[in-house]
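The values are calculated or read from the model by the stated rules, or taken from the named source; none is laboratory data. Values in this document were obtained by computation on a predicted structure and should not be read as measured data. Surface areas here come from the heavy atoms of the whole protein model, side chains and all, with no ligands, DNA or RNA. Shrake-Rupley method; radii C 1.70, N 1.55, O 1.52, S 1.80 Å.
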Amino acid sequence: APAPAKVKRVAIVLATGSYQREAPTTVLRLVEKLLQRGVDVNVWAFEEAVTLTNKDQIDHAEPGSLQKVLGEKHPNIGRFIDQLIRAGLHGAKLDWVSCILCVQERGVEKHQMGGSIVGSLGDLWKFVKAADRVIAIPTYR
């Protein structure tokens with residue numbers, strides 16, 4: 001049997017926001033590993049996931065009782081996304097596009113971090129069409 005084709009591009013469709021579930025953090029760990037392996041990653045964020053790239057997120061301390069377990073600061077997921085967009089690990093790149101209707105509905109259109117793009121469903125179509133693999137992370141209800 002022939003060897004499986006190498007995956008060169010992955011599209012991730014993400015709907016879950018940062019303070020709802022652990023899914024965004026897990027997705028970012030996956031993105032980091034894919035980039036380290038030279039795989040280009042395109043993320044289409046919609047629904048609550050558009051708040052992940054809000055540049056105005058603030059760091060805050062964890063409750064005192066949890067600091068020994070979690071550390072002093074609550075992780076700022078936007079900072080992690082920004083680092084991944086800028087990293088260019090092993091020549092791979094991350095493109096992050098947030099749905100224009102979703103950012104407008106949530107009032108974060110003017111608060112998107114540099115490197116994040118506000119786009120349309122046309123961008124989602126391009127991501128899916130160009131991808132070797134597509135991963136969809138839904139909103140959990």
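If ligands, DNA and RNA are left out, what is the accessible area of Glu109 with a 1.4 Å probe, given in Å² to the nearest 10?
70 Å²
Any idea what % of Cα-Cα pairs in region 89-141 are farther than 16 Å?
When every Cα pair of region 89-141 is considered, 55 percent fall beyond 16 Å.
At 1.4 Å probe size, with the rest of the protein present, what percent of the exposed accessible area of region 100-141 is carbon and sulfur atoms?
59 percent
Over 23 Å between C-alpha atoms is what I'm after, so list which of Lys55/Lys93; Lys6/Lys55; Lys6/Lys129; Lys8/Lys110; Lys8/Lys55 land there.
Pairs exceeding 23 Å: Lys6/Lys55; Lys8/Lys110; Lys8/Lys55.
Ignoring ligands, DNA and RNA, how do Thr53, Thr139 rank by accessible area with a 1.4 Å probe, largest first?
Highest to lowest solvent-accessible surface, that is Thr139, Thr53.
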